[in-house]
Amino acid sequence: MLGRIAKRKGATPAQIALAWLLAKRPWIVPIPGTRKVSRLEENIGAVNIKLTPDDLREIDDATARITVHGERYPEELERRTGL
């Protein structure tokens, strides 16, 4: 699904994923890691991707159908979070 949107926007799926995160809330700042300058440049390009309300809805609808399995942290680390 990200690939379809990326193709329409002339972007990569990674750029669409980062653009989606940037569009969610102003205080969400993705911190992608990379070891390659080409990937850094690709990631930076996400700030220029303009997602429409329909694009955002398509991504949100798709992610809402994903079932997450397992815990976020191992039990010992979860206790340390205070959650």
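Values in this text are rule-based calculations from the coordinates and carry no lab data. Keep in mind that what you see is a predicted model, and the values were worked out from it rather than measured. Every residue, glycine among them, receives a Cβ derived from its backbone with ideal geometry; neighbour counts consider all protein chains shown.
Annotations for the structure displayed:
- The chain, relative contact order in percent, only Cα pairs under 8 angstrom and at least six apart counted: 28 percent
- Ranking Ile31, Leu56, Gly10 by how far each Cα lies toward the positive end of the dipole of the chain (charges on Cβ) leaves Gly10 at the top.
- Spin-label pair Glu78/Met1, simplified geometry with 7 Å Cα→Cβ offset, distance in nm: 2.6 nm
- The GluC sites (Glu not before Pro) of the chain meeting both criteria, a DSSP state outside H, G, I, E and B (loop) and at most 13 other C-beta atoms within 10 angstrom of the site's C-beta, are Glu71.
- Between Val37 and Val68, the contour length at 0.36 nm per residue exceeds the Cα-Cα span by 8.0 nm.
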